[in-house]
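S.K.: One structure, as structure tokens, below. Some questions next.
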Amino acid sequence: MSGLFSSLQLGYQALQAQQLALEVTRNNIANVNTPGYARQRARMVESSPTRIGNLVIGRGVTVQEIEAFRDKFIEIRLNQQLQQRGFVEGQSPGLNQLQTLFNESAGGGVQEALTALFSSFLQLSSDPSNTPLRQEVLAKANQLASVLNSRSNSLQTLQNQTDEQVRSAVAGINRLSERISMLNEKIVPLESGGVDAAAIRDQRQVALNELAQLVDISYYENENGTVVVSTSTGRALVTSGRPKPLDVATGSNGFASVELDGTDITGEITSGTLGAALHLRDTVYAQVHERLDTLAGDLMTRINAQHRAGYDMSKPPQAGGDLFALVPSNQTSTHAASRFQVAISDSARIAAGLTASASDNGNAKAIFNLSESTAGAPGGLSFQDYLSGLGSFIAQNTQTNEDNLAAQQALLTQLQRQRESVSGVSLDEEAADMIRFQRAFEASSRFFSMINDLTAELMSLVG
Amino acid sequence: MRITASATLFSNWQSLQTQRQEQDRLQLQLSSGKRINLDSDDPTAAAEIQELRRKLAYLQQYGKNASYSDGLLKYTDSTMQAASETVLRAIETGVQGASVVVNAAERKTLADQIRSIKSELVSLANTRYQGNYIYGGVQSQSAPFSVDAATGKVSFVGSSVALKVPVAEGLDVQPGLSGSEVFMGRTDLFAALDDLAAAIEAGNNKAVASQVAVVESARMAISEARGALGHQMQIIERVQAQMDQAEVWIQARLSKVEDADMGEVVSRLSLNQTAITASLYAQGQIGRKTLFDFIG
């Protein structure tokens with residue numbers, strides 16, 4: 001008796017197991033496109049056998065657990081790679097904008113304007129008292145000032161834009177910290193109660209990956225299933241309890257700095273989109289702006305010095321004054337390059353001569369020769385070489401970043417493929433499983449039905 | 001390694017993106033004709049292009065300076081030729097005045113002719129070219145020779161320093177001469193003419209003869225000056241020839257470095273388009289079917 005009734009029981013258990021497996025397959029198929037989903041499988045094990053005399057008889061199948069296929073190590077590496085790629089990718093648009101702004105190849109750049117100014121002095125040296133030629137010099141000087149002003153102002157705009165990106169990245173980081181913390185809280189009661197929290201874990205991993213794109217983090221999982229997230233320098237962002245938000249403080253230069261618990265951690269952020277924005281704003285753009293300002297200052301100092309050594313075409317000729325000047329600083333522009341202006345409006349005041357004769361060209365020649373001169377130049381570089389160095393700095397940075405981006409992207413893709421290989425849903429596989437479980441279900445139900453008939457027979461014999 | 005549906009799709013999308021980026025790059029080269037549109041396309045080449053453009057700009061400006069100097073030289077030379085011929089007339093008049101016995105009235109006429117020639121020469125010496133007094137040296141904005149209304153004495157009030165114009169790197173030419181050198185270099189031509197006129201009027205034949213010799217030597221100075229101008233013209237000719245060559249070389253080099261090789265771009269674009277079409281076709285065909293299409 002117990003044999004038949006327990007067979008019924010075992011038959012029923014088998015049906016349940018196959019049905020559960022079908023459920024899991026259904027879930028996998030439904031989630032084929034869900035980002036961060038890790039495929040699941042019902043793990044069937046043989047039930048512990050029973051002994052009848054000398055015989056050991058198996059007691060069917062149970063589903064021990066529903067396991068999700070994840071490779072923790074791949075996920076950690078993927079997370080780190082997202083940080084690195086985020087850093088390089090985050091800089092790409094900003095560097096491209098910088099390069100476009102300072103592009104000399106297409107014409108209209110600073111080097112061209114400077115060459116035109118020196119050419120105009122060379123031209124003036126052929127006929128120094130020629131008014132149209134003098135006006136040409138003034139025109140070229142104004143053009144140079146205009147180009148420098150505009151580059152400086154545009155650069156300032158880029159820096160401001162990047163500052164905005166810093167602020168919005170911090171906001172994004174805080175949102176994600178909040179979310180991870182909330183998911184942590186959901187997981188703990190579920191898992192300590194023995195319920196599998198696979199779906200929530202998937203969501204949490206997605207949030208961790210989004211966070212990694214923004215900033216450099218490291219994380220690990222506690223025994224109770226919560227995840228602790230800290231910055232790469234070890235400051236906790238998410239622990240048990242409330243998440244720690246990042247704050248934004250505005251410095252004296254108007255730019256945002258990043259703080260955690262009142263400590264300035266701006267210098268500690270070296271990866272992710274936030275790291276990219278900070279690097280652009282504080283290193284790349286700042287250096288370019290500094291060099292541009294140095295150039296403006298140097299142009300003013302050295303050209304003015306030579307100009308003052310000469311005589312103009314006033315009647316009688318007067319000693320030359322300043323050719324260039326910096327207008328006073330105001331709120332919108334503090335940079336030398338944006339304040340660089342021509343100090344003369346009357347072309348007769350251009351000091352072309354070295355003697356007080358109306359048509360001496362000695363000073364015009366001397367000013368032209370400044371173009372290649374290194375005397376008194378900061379760093380011993382002529383104007384042209386200095387500008388060339390600045391141009392190369394920008395071009396090399398941009399090109400190197402593009403190359404890095406391709407490399408980082410390739411690495412990321414490789415890791416993503418590996419993760420897919422482990423955790424991704426293959427529809428072919430699910431289809432095959434579906435058939436498998438369906439057939440098993442059918443077989444089990446026939447068995448169940450057969451045992452049922454036998455039992456009924458028996459009942460009719462007894463009853 | 002398991003291959004899932006989304007892995008395949010993502011892979012396909014990525015390779016298509018790469019091909020599209022290449023397409024974009026090639027199209028830009030095609031429309032601009034340049035291999036380098038942004039400095040970052042090739043930083044080293046971009047730096048060279050800037051340097052070549054700069055050299056070219058200065059070279060072209062030197063060329064303009066050379067042309068202007070050449071024009072000034074030729075004009076100055078033509079005035080010197082005229083001056084030389086004018087002085088010759090004075091010498092002939094002077095010789096006439098000494099050799100033929102003439103009366104006081106005729107002597108006066110000859111003397112007046114000499115004085116009139118002197119006026120012509122002063123005008124010539126105060127001639128202008130494109131707004132500049134060519135014999136004023138670096139004082140080109142005011143007439144270099146002034147005549148005292150009372151005594152008729154001609155003084156040089158310009159500069160004895162002549163303008164030196166850069167026509168090549170490290171090379172200046174002097175496209176003119178100061179009037180003090182041309183008309184007063186060996187001897188004061190105008191004073192000599194005055195003295196000749198006076199000698200003729202006075203009937204002092206010995207004085208006339210010696211003054212004629214003085215005027216002769218002044219005429220020599222003009223010839224020497226013309227020689228100096230000729231030398232400068234030769235320098236300019238040589239310089240212009242060299243600069244033409246240099247310009248050709250720079251233009252060729254610029255073209256080599258920055259221009260896109262059209263044939264190559266077109267053929268690469270065509271390959272790229274083929275690759276994209278093939279990729280799109282493959283994506284359309286592959287990965288459409290799963291096992292689900294074949295069961296049930």
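The values are calculated or read from the model by the stated rules, or taken from the named source; none is laboratory data. Only a predicted model underlies this, so the values are computations on that prediction, with no experimental measurement involved. Neighbour counts are summed over all protein chains in view; Cβ atoms, including those assigned to glycine, are modelled from backbone coordinates with ideal geometry. Accessible surface is based on the protein model in full, side chains and every heavy atom, while ligands, DNA and RNA are left aside. Shrake-Rupley method; radii C 1.70, N 1.55, O 1.52, S 1.80 Å.
S.K.: Once you put a point 7 Å from the Cα of B:Asn204 and another 7 Å from the Cα of A:Asp346, both along the Cβ direction, what distance in nm separates them?
M.R.: The modelled label-to-label distance comes out at 5.3 nm.
S.K.: Using every pair of alpha-carbon atoms in segment A:125-218, split the distances into 10 Å bins beginning at 0 and state the percent of pairs per bin, rounded to integers.
M.R.: 13, 22, 15, 12, 10, 9, 8, 6, 3, 1
S.K.: Mind checking the full-extension length gain between B:Leu59 and B:Arg89? Use 0.36 nm per residue of separation minus the Cα-Cα distance, one decimal, nm.
M.R.: 6.3 nm
S.K.: Checking the cross-link filter: which aspartates and glutamates have an alpha carbon closer than 13 Å to that of A:Lys140, excluding same-chain neighbours under 8 positions apart?
M.R.: In chain and number order, the partners are A:Glu112.
S.K.: Residue by residue, what Karplus-based ³J(HN,Hα) values in Hz, rounded to whole numbers, does segment A:57-69 have, using 6.51, -1.76 and 1.60 with θ = phi - 60° and x for Gly and Pro?
M.R.: Running phi through 6.51 cos²θ - 1.76 cosθ + 1.60 with θ = phi - 60° gives 10, x, 10, x, 10, 10, 8, 6, 7, 9, 9, 9, 8 Hz.
S.K.: Continuing with this model, one more query. Using only alpha-carbon positions, what ratio does the radius of gyration of segment A:1-149 give when scaled by 2.2 N^0.38 Å?
M.R.: Ratio of Rg to 2.2 N^0.38 Å for segment A:1-149: 2.72.
S.K.: Round to a whole number: what % of the accessible area of segment A:1-99 belongs to carbon and sulfur, probe 1.4 Å?
M.R.: Exposed carbon and sulfur together represent 52 percent of the surface.
S.K.: I've got another one for you. Taking every residue in A:108-117, how many Cβ atoms of other protein chains lie within 10 Å of its Cβ, on average?
M.R.: 2
S.K.: What whole-number volume per residue, in cubic angstrom, does the convex hull of the C-alpha atoms of segment A:35-92 give?
M.R.: Residue-normalised Cα hull volume stands at 75 Å³.
S.K.: Another question, then. Could you tell me what percent of the accessible area of segment A:200-320 is made up of carbon and sulfur, with a 1.4 Å probe and every protein chain present?
M.R.: 48 percent
S.K.: Next up: With a probe of 1.4 Å, find how much accessible area chain A has per residue, and write the answer as a whole number in Å².
M.R.: Averaged over the residues of chain A, the accessible area is 46 Å².
S.K.: Taking all pairs of different Cα atoms in segment B:153-215, averaging 1/r and flipping that mean, what Kirkwood radius in angstroms comes out?
M.R.: 13.9 Å is the Kirkwood radius here.
S.K.: Set the Förster radius R0 to 22 Å, insert the Cβ-Cβ distance between A:Leu381 and B:Glu169 as r into 1/(1 + (r/R0)^6), and round the FRET efficiency to 0.05.
M.R.: Efficiency computed from Cβ-Cβ geometry: 0.65.
S.K.: Based on the alpha carbons, how large is the Rg to Rh ratio for segment B:1-146 when Rh follows Kirkwood?
M.R.: Reported Rg/Rh, Kirkwood definition of Rh: 1.62.
S.K.: Any idea which of A:Leu405, A:Ile435, A:Val425 is furthest toward the positive side of the dipole for segment A:401-440, if Lys and Arg beta-carbons carry +1 and Asp and Glu beta-carbons -1?
M.R.: After comparing all options, I get A:Ile435.
S.K.: Per residue Cα convex hull volume for segment B:84-123, in cubic angstrom?
M.R.: In segment B:84-123, the Cα hull volume divided by residue count equals 43 Å³.
S.K.: While we're on this one: What is the Å³ per residue value for the convex hull set by the Cα atoms of segment A:43-127?
M.R.: Residue-normalised Cα hull volume stands at 129 Å³.
S.K.: Which residues in segment A:227-248 have a backbone N closer than 14 Å to a point placed 7 Å from the Cα of A:Ser192 along the Cα-to-Cβ line?
M.R.: Counting backbone N atoms under 14 Å from the label point, the list is A:227, A:240-241.
S.K.: Still on this model: How large is ³J(HN,Hα) for each residue in segment A:360-368, as worked out from phi by the Karplus curve 6.51 cos²θ - 1.76 cosθ + 1.60 (θ = phi - 60°), to whole Hz, x for Gly and Pro?
M.R.: Rounded to whole hertz, the list is 6, 10, x, 6, 4, 5, 5, 5, 4.
S.K.: Given labels modelled 7 Å from the Cα in the Cβ direction, how far is it in nm from A:Ala30 to B:Ser32?
M.R.: In this crude label model, A:Ala30 to B:Ser32 measures out at 5.3 nm.
S.K.: Quick one: if the Förster radius is 22 Å, what FRET efficiency do A:Thr239 and A:Asp71 give, using the C-beta to C-beta distance and rounding to 0.05?
M.R.: 0.30
S.K.: If you consider only alpha-carbon coordinates, what radius of gyration and Dmax does segment A:210-367 have, in Å?
M.R.: So, for segment A:210-367, Rg and Dmax equal 27.6, 93 Å respectively.
S.K.: Roughly how big is the B-A contact, given as buried accessible area in Å² (both sides, 1.4 Å probe, nearest 100)?
M.R.: Roughly 4200 Å² of accessible surface disappears when B and A pair.
S.K.: On alpha-carbon atoms, Rg over Rh for segment B:154-296 using Kirkwood Rh?
M.R.: 1.72
S.K.: Could you give me the ³J(HN,Hα) list for segment B:141-148, computed from phi with Karplus coefficients 6.51, -1.76, 1.60 and θ = phi - 60°, whole Hz, x at Gly and Pro?
M.R.: Whole-Hz 3J(HN,Hα) from phi for segment B:141-148: 9, 9, 4, x, 10, 10, 10, 6.
S.K.: Something else about it: Largest first and in whole Å, what are the equivalent-ellipsoid semi-axes of segment B:106-150 based on the Cα gyration tensor, each being the root of 5 times an eigenvalue?
M.R.: Output for segment B:106-150: semi-axes of 28, 11, 6 Å.
S.K.: Going out from 0 in 10 Å bins, what whole percent of all Cα-Cα distances in segment A:277-363 drops into each bin?
M.R.: 18, 35, 24, 15, 7, 2
S.K.: Points 7 angstrom from Cα along the Cβ direction at A:Ser168 and A:Ser449: gap in nanometres?
M.R.: Computed distance between label sites A:Ser168 and A:Ser449 equals 6.3 nm.
S.K.: Once R0 is set to 60 Å, what does the formula 1/(1 + (r/R0)^6) return for the Cβ-Cβ distance between A:Leu4 and B:Gln285, expressed as a FRET efficiency to the nearest 0.05?
M.R.: Efficiency, from the Cβ-Cβ distance: 0.60.
S.K.: Show the residues, 5+ positions off or on another chain, whose built amide H is closer than 5 Å to the amide H of A:Ser271.
M.R.: It is A:Asp216, by chain and number.
S.K.: What three numbers, in Å, describe the spread of the alpha carbons of chain A along their principal axes, ordered from the longest?
M.R.: 142, 44, 31
S.K.: Next question, about the same structure. Hey, can you grab everything whose amide H is under 5 Å from the amide H of A:Leu237? Only 5+ residues off in sequence or another chain; H modelled, so Pro and N-termini drop out.
M.R.: The list, which skips near neighbours in sequence, is A:Val229, A:Ser230, A:Thr231.
S.K.: Write down the Kirkwood hydrodynamic radius of segment A:229-273, to one decimal in angstroms, obtained as one divided by the mean of 1/r over all alpha carbon pairs.
M.R.: Result for segment A:229-273, one decimal place: 11.4 Å.
S.K.: Also, quick follow-up: Could you calculate, for segment B:111-217, the ratio of the Cα radius of gyration to the Kirkwood radius, expressed as Rg to Rh?
M.R.: Using Cα coordinates only, the ratio equals 1.08.
S.K.: A further question on this structure: Packing-wise, with mean Cβ within 10 Å as the measure, how do B:215-221, A:65-71 rank, highest first?
M.R.: In decreasing order of mean packing, B:215-221, A:65-71 become B:215-221, A:65-71.
S.K.: Given the pairs B:Lys64/B:Lys153; B:Lys34/B:Lys164; B:Lys108/B:Lys206; A:Lys365/B:Lys34; B:Lys64/B:Lys256; B:Lys108/B:Lys153, which span a C-alpha to C-alpha distance of over 29 angstrom in this model?
M.R.: B:Lys64/B:Lys153; B:Lys34/B:Lys164; A:Lys365/B:Lys34
S.K.: So, one more: Could you list, bin by bin from short to long, the percent of Cα-Cα pairs of segment A:165-303 in 5 Å steps?
M.R.: 2, 10, 17, 19, 14, 10, 8, 6, 5, 3, 2, 2, 1, 1, 0, 0, 0
S.K.: Another question, then. Accessible area of A:Met44, 1.4 Å probe, to the nearest 10 Å²?
M.R.: Spelled out: A:Met44, probe radius 1.4 Å, area about 60 Å².
S.K.: Another question, if that's okay. Just the number, please: carbon plus sulfur as a percent of the accessible area of segment B:152-195, 1.4 Å probe, no ligands or DNA/RNA counted.
M.R.: Carbon plus sulfur share of accessible area: 48 percent.
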